[in-house]
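The values are calculated or read from the model by the stated rules, or taken from the named source; none is laboratory data. As the structure is a prediction and not an experimental result, all values here were calculated from the model. All Cβ positions, even for glycine, are placed from backbone atoms using ideal geometry, and neighbour counts span all protein chains on display. Ligands, DNA and RNA are stripped out before the accessible areas are found, and what is left, the full protein with its side chains, is counted by its heavy atoms. Shrake-Rupley method; radii C 1.70, N 1.55, O 1.52, S 1.80 Å.
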Amino acid sequence: NAKENGGDRFSFYEEGMSSETELRLEMENHLRHAIARDEFRLHYQPVIHLESNTLRGVEVLLRWENAALNNPGPDQFIAVAENSGLIVDIGRWVLEQACKQVVAWSNAGLKPLSLAVNISAKQFISGDLLENVRYALSQSGLAASQLELEITEGLLINDTSEIRDTFSQLKKLGVNLSLDDFGTGYASLSYLKRYPFDTLKIDRSFVHDIDSCEESVTLTNAIIAMGHSFNMTVIAEGVENLKQRRILRERHCDMVQGFLYSPPLQADQFVAWAKRYAEMQISQHI
Ligand code: C2E
Ligand code: MG
Ligand code: MG
Ligand code: MG
């Protein structure tokens, strides 16, 4: 206990606190200029339809090249972007760039893919999400039905009429809504009744041990069945090996993502991966 150990310890503790705050502020200052300095990169992870083994779409995941901060991952910088409000501008940038990229791919001969974009609660509440989505679609030419917005349960805890309005207007626009990281938050099943999600994403913490833990299989099975009874497409995240894939396939999970297929890739690497994957499909078929 710091107080019992005297003043020195206590001040040491405070120093620790303030340097963490300093780091956060430093990160915030860097984030403020990251778009203008062209430090963000978008990576794309394939989403695979399990029964046919075909590529269906991608999830876009943000990367930040900032050597001074040692290239922090999204688990470090997204929270800072959210707390500072910068996520609204950053999120708009991600949405616009990713829509353009997916259209560019189909113009270059790749089949049309669906695009999943992570959306923070702050963006949802800021009020111009609907406008941003409309703009990103019309500017890029991406069909609304190709776009899927991923949100987490955290947003729904507030459950205001404003959120419900935005939700139904997005649905009217024709974009898909996806409940990300399902099972990790304060999941209230009543959300599924009030918010007509198109897709349910099983968090990778469940998927990760279905190859070794019978209880995780039971839980995953229940989530898939529940998703289907609400007419939702079910996606499993974090599929890393064939055994996990086989179990998910037996339980009729619709889609999978994970290192078994590919980690998130830069745009040109993704194109190369997609070509290799399609060729592999053909040769397996013969
Ligand atoms: P998420 O939306 O749940 O994304 C899935 C995360 O799982 C990604 O981490 C992905 O790289 C990782 N992953 C995929 N397959 C596997 C696997 O087989 N094994 C393991 N161990 N991990 C796998 P990433 O890219 O570090 O992103 C972390 C989180 O940061 C995302 O979780 C998302 O919540 C957030 N994030 C990323 N990009 C954005 C963005 O553009 N906007 C917002 N608001 N959040 C973002
Ligand atoms: Mg996601
Ligand atoms: Mg997410
Ligand atoms: Mg997730």
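The table below lists the values:
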item: Those residues of the stretch 164-184 which are surrounded by 18 or more Cβ atoms within 10 Å (Cβ to Cβ) and more than 16 Å from ligand 2 (Cβ to nearest atom), in sequence order; result: 166, 167, 170
item: Scope the stretch 190-207; condition in contact (Cβ under 8 Å) with a residue 12 or more places away in the chain and closer than 22 Å to residue 165 by Cβ; matching residues; result: 191, 192, 194, 195, 196, 197, 198, 199
item: From the options 129, 147, 115, residue that is under 19 Å from the mean Cα position of the chain (by Cα), open to solvent by less than 30 Å² (accessible area, probe 1.4 Å) and within 16 Å of ligand 4 (Cβ to nearest atom); result: 115
item: Unique match (being of a type in the set (Ser, Thr, Tyr), more than 16 Å from the chain's Cα centre (by Cα) and at pLDDT 95 or above) among 106, 18, 11; result: 106
item: One residue from 180, 198, 209 being closer than 23 Å to residue 238 by Cβ and under 14 Å from the mean Cα position of the chain (by Cα); result: 180
item: Exclusive hit being small (Gly, Ala, Ser), away from ligand 1 (no atom under 16 Å from the Cβ) and closer than 18 Å to residue 179 by Cβ, set 236, 225; result: 225
item: Residue list for the stretch 227-247, restricted to those being open to solvent by less than 40 Å² (accessible area, probe 1.4 Å) and either within 15 Å of ligand 2 (Cβ to nearest atom) or under 22 Å from residue 185 (Cβ atoms) (or both); result: 227, 232, 234, 235, 236, 237, 238, 239
